[in-house]
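Here's the structure we're looking at; comments come further down.
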Amino acid sequence: MAGTVTAAAREALVRACAGRVEDATDTDLVGATAPRWVVRPTSTEEVSAVLHSATEHDLAVVVRGAGTKLAWGHDPERLDVVLDTSGLDTLVEHAAGDLIAVVGAGRRLSDLQDDLAGASQRLGVDPARSGTVGGAVATAATGPMRLAHGAVRDLVIGMTIVRADGVVAHSGGKVVKNVAGYDLGKLLTGSWGTLGVITQVAFRLHPVPAGRTWVTGAPMSQVVLREVVRSLVHSQVVPSAVELDRPVGGGDAVVSVLLEGHPEGLDDRAAEVAALLGHGAQRQQEPPAWWGREPVAGGEGADDQDALLKVTHELAALSKLLDALARAESVSGCRAALRGSVAVGTATVAVGGGADEVAAFTTALRASAPGFGGSVVLLEGPPGTTDFVDPWGPVGGLSLMQAVKAQFDPGRLLAPGRFVGGI
């Protein structure tokens with residue numbers, strides 16, 4: 001009977017997706033969990049049919065874009081189908097005069113930026129792992145440009161989604177000001193594929209500035225760093241990004257500032273930033289090599305893969321975060337490096353060590369989080385790390401989130417268990 005049910009489920013997926021169904025292989029794991037099949041729809045209608053079939057046959061589904069974040073968070077409780085969005089990669093519309101783009105969720109961010117470059121426009125989303133549009137929205141991944149353009153959710157003005165039962169829903173539209181009704185697009189942003197499948201997104205764009213330059217300071221102590229960052233945040237230079245690189249072992253950190261605008265105005269602004277950064281600051285036409293990249297704890301080219309944590313902090317509490325980082329290193333015996341957008345209050349921490357050591361580091365840093373006014377999320381770590389520590393940590397409003405999940409996906413078919421609180 002089980003074989004008959006499995007055959008019927010596969011045949012339903014084949015009909016729903018015009019035959020684009022394959023048996024999964026070892027390259028299709030989500031964390032350590034293996035699916036049965038991979039489906040590749042090419043339209044919202046096919047996604048709808050796939051999810052309708054999944055509901056009918058009680059199949060658990062995880063959405064995959066470029067696959068850059070499938071190891072993040074919990075492994076799914078169960079998994080039958082990986083829904084690959086690579087076929088949803090169309091630039092549907094680019095209204096350059098309105099600074100609007102409508103794009104399929106499977107289009108790679110790098111390709112979208114190339115699409116927009118001809119009109120001297122860009123989408124202000126530049127995460128270190130540049131995957132697909134849908135992946136960036138689903139995980140709310142951001143990068144240095146967040147200071148200038150806001151978080152991902154601030155750039156989404158419309159969205160097409162498919163519910164777990166296959167029903168298609170639309171949110172927002174193609175104008176910047178959408179005020180009527182509930183904003184499902186913002187609800188789905190950062191939901192990690194647990195509420196619905198994003199198939200198409202409308203974004204607000206920004207012009208590419210005519211000029212840009214970076215000013216990078218010399219390595220500075222934590223005491224000096226605190227005052228420098230405070231001065232930059234309160235200055236009139238209007239930086240587009242302020243990034244920090246704190247190396248392994250708590251050595252002196254480096255701050256780099258991106259300035260954008262009319263070329264004639266950049267000289268004075270760059271000189272002011274150089275003065276704030278202090279002796280040894282240098283102006284560059286290209287960013288430093290580490291700009292926008294994930295930190296490395298084990299050394300460039302190291303064989304062992306680092307664990308990765310996402311940390312938020314209050315702007316005024318940066319020094320407290322760095323102190324907490326040093327304490328967590330001492331308690332756990334781990335090596336850690338931090339890079340982040342210190343004028344926004346987000347950072348990524350790379351940690352070198354085994355599963356129990358990374359868990360100890362995460363627990364220690366999380367215990368200090370009230371002091372720096374933020375949170376600590378373990379994105380990925382060595383196998384077995386989540387046996388020792390919850391990757392998400394304490395989350396406010398969990399009961400509300402669980403209620404929303406129950407309304408959108410009562411059968412728990414979409415990425416079951418991957419998100420906070422086992423959602």
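The values are calculated or read from the model by the stated rules, or taken from the named source; none is laboratory data. Quick caveat, the model's predicted, so the values are computed rather than measured. Because the Cβ atoms are built from the backbone with ideal geometry, glycine has one as well, and the counts that use them run over all protein chains shown. Areas reflect the complete protein model, heavy atoms only, side chains present, ligands, DNA and RNA absent. Shrake-Rupley method; radii C 1.70, N 1.55, O 1.52, S 1.80 Å.
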Here the residues within the stretch 370-385 that are open to solvent by 10 Å² or more (accessible area, probe 1.4 Å) and in contact with a helix residue (DSSP H, G or I) (Cβ under 8 Å, 6 or more places away or on another chain) are Gly371, Gly373, Gly374, Ser375, Gly381, Pro382, Pro383, Gly384
Filtering the stretch 122-161 down to residues that are more than 16 Å from Gly65 (Cα to Cα), open to solvent by less than 10 Å² (accessible area, probe 1.4 Å) and part of a helix (DSSP H, G or I) yields Val152, Leu155
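Report yes if His94 is surrounded by fewer than 21 Cβ atoms within 10 Å (Cβ to Cβ) and outside any helix (DSSP H, G or I), otherwise no. Full working, then the answer.
Details: surrounded by fewer than 21 Cβ atoms within 10 Å (Cβ to Cβ): yes; outside any helix (DSSP H, G or I): yes.
Spelling it out, His94 is indeed surrounded by fewer than 21 Cβ atoms within 10 Å (Cβ to Cβ) and outside any helix (DSSP H, G or I).
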Those residues of the stretch 193-215 that are in contact with a Phe, Trp or Tyr (Cβ under 9 Å, 6 or more places away or on another chain) and either at pLDDT below 95 or in a strand (DSSP E or B) (or both) come to a total of 1
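So which residues in the stretch 179-213 are within 24 Å of the chain's Cα centre (by Cα) and more than 19 Å from Gly150 (Cα to Cα), if there are any at all? First the steps, then the outcome.
Taking the stretch 179-213 and keeping what is within 24 Å of the chain's Cα centre (by Cα), we get 182-208.
Passing the criteria: Tyr182, Trp192, Gly193, Thr194, Leu195, Gly196, Val197, Ile198, Thr199, Gln200.
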The residue that is nearest to Ala148 (Cα to Cα), considering only those in the stretch 322-381 that are hydrophobic (A, V, I, L, M, F, W, C) and touching a His at 6+ places or on another chain (Cβ under 8 Å), is Ala347
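Any chance the stretch 4-12 includes a residue that's over 27 Å from Leu155 (Cα atoms), of a type in the set (S, T, N, Q), at pLDDT below 95 and out of contact with any Gly (no Cβ under 6 Å at 6 or more places or on another chain)?
In the first step, residues of the stretch 4-12 are kept if they are over 27 Å from Leu155 (Cα atoms); the result is 4-12.
Subsequent filtering for residues that are of a type in the set (S, T, N, Q) retains 4, 6.
Among the residues that remain, those that are also at pLDDT below 95 are: 4, 6.
Those still in the list that are out of contact with any Gly (no Cβ under 6 Å at 6 or more places or on another chain) too: 4, 6.
Yes, because at least one residue in the stretch 4-12 is over 27 Å from Leu155 (Cα atoms), of a type in the set (S, T, N, Q), at pLDDT below 95 and out of contact with any Gly (no Cβ under 6 Å at 6 or more places or on another chain).
Scan the strands (runs of 3 or more DSSP E) fully inside the stretch 305-423 and keep the ones with 3 or more residues being of a type in the set (D, E, K, R) and at pLDDT below 95. Show your work before the answer.
Working: elements: 307-312, 335-341, 346-352, 376-380.
Because the criterion is at least 3 residues that are of a type in the set (D, E, K, R) and at pLDDT below 95, no strands (runs of 3 or more DSSP E) in the stretch 305-423 meet it.
Which is open to solvent by less than 70 Å² (accessible area, probe 1.4 Å) and out of contact with any strand residue (DSSP E or B) (no Cβ under 7 Å at 6 or more places or on another chain), of Ser48, Ser86?
Working: Ser48 fails: out of contact with any strand residue (DSSP E or B) (no Cβ under 7 Å at 6 or more places or on another chain).
On inspection, the qualifying residue turns out to be Ser86.
Which of the following residues is in contact with a strand residue (DSSP E or B) (Cβ under 6 Å, 6 or more places away or on another chain), surrounded by 16 or more Cβ atoms within 10 Å (Cβ to Cβ) and either more than 23 Å from His52 (Cβ to Cβ) or not charged (D, E, K, R) (or both): Leu116, Leu109, Leu99?
Leu116
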